[in-house]
Amino acid sequence: MDTITVSDVVDGIPLSLVSSHGVFSKKRLDLGTKTLLQNLILVNEGTVADVGCGYGPIGIFVALKNPKLRVYMLDADERAVHLAKENVRRYGLEDRVTVLRSDVLSALPEGVELDAIYSNPPLNRGFDFLEKLAEQARDRLRPGGLIELVVYKGEANVLKAFGSDFKVEVVKRSKGYSVIKAVKG
């Protein structure tokens, strides 16, 4: 697999990640992900998930930013999972970061409860992905647990998917992107 190195510095954290053809934003950190990371509401401790992790920029950033967190990085794409695992190894985070091939949260080990979920959701999979994330998050997030995601011109879909069981608010809007926080009631 031919690889590409994606390098950036976000909020003082240097990222140098291996990427490749066939994954989202393979040559650079996309503006949506960067906007999310710059406005991240990071929990102090516990277990978090990066859903739709791609090659790993969100999960790696979260793990580097807060060494107290246990991080699950989840993606349905085999190539993305392979690259994310390679990036976890590059940063020496294997002791507290686990990468799993997963349809949303389905591959999380039994009994794992999450304190937060972070995502730049694969909206090419449509509204169904957001609905599935909201549904699975109801079972996996602790009460008061946080979901923070970024969408491009998709605020209404997030409100529709999360509105009934979560308190939803827009944290930041920038260049068509919205960083949205949803807190489980």
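Which of the residues spanning the stretch 71-98 are aliphatic (A, V, I, L, M) and within 11 Å of GLY54 (Cα to Cα)?
Initially, the stretch 71-98 is screened for residues aliphatic (A, V, I, L, M), giving 71, 73-74, 76, 80-81, 83-84, 88, 93, 97.
Residues satisfying the conditions are MET73, LEU74, ALA76, ALA80, VAL81, LEU83, ALA84.
Among the residues of the stretch 154-176, how many are in contact (Cβ under 8 Å) with a residue 24 or more places away in the chain and either under 18 Å from GLN136 (Cβ atoms) or under 18 Å from the mean Cα position of the chain (by Cα) (or both)?
Going through the stretch 154-176, the residues in contact (Cβ under 8 Å) with a residue 24 or more places away in the chain turn out to be 154-155, 157-158, 160-162, 165-166, 171-172, 174-176.
This time we only want the ones that are either under 18 Å from GLN136 (Cβ atoms) or under 18 Å from the mean Cα position of the chain (by Cα) (or both), so: 154-155, 157-158, 160-162, 165-166, 171-172.
Residues in the stretch 154-176 being in contact (Cβ under 8 Å) with a residue 24 or more places away in the chain and either under 18 Å from GLN136 (Cβ atoms) or under 18 Å from the mean Cα position of the chain (by Cα) (or both): 11 in total.
Please go through the stretch 87-128 and pick out each residue that is surrounded by fewer than 18 Cβ atoms within 10 Å (Cβ to Cβ) and touching a residue at least 40 places away in the same chain (Cβ under 8 Å).
ARG90, VAL112, GLU113, PRO122
Need a quick list: strands (runs of 3 or more DSSP E) entirely within the stretch 110-175 having at least 3 residues that are closer than 21 Å to LEU74 by Cα and in contact with a helix residue (DSSP H, G or I) (Cβ under 8 Å, 6 or more places away or on another chain).
Details: elements: 114-119, 141-152, 166-174.
Result: 114-119, 141-152.
For the stretch 1-41, which positions are surrounded by 15 or more Cβ atoms within 10 Å (Cβ to Cβ) and closer than 15 Å to LEU149 by Cβ?
Correct list: PHE24, ASP30, LEU31, GLY32, THR33, LYS34, THR35, LEU36, LEU37, ASN39, LEU40.
All of the numbers you see were taken from the coordinates with simple rules; none came from a lab. Computed from a prediction, not measured in an experiment: that's the story for all the values here. With ideal geometry, Cβ positions are generated from the backbone for all residues, glycine too; neighbour counts draw on all protein chains shown.
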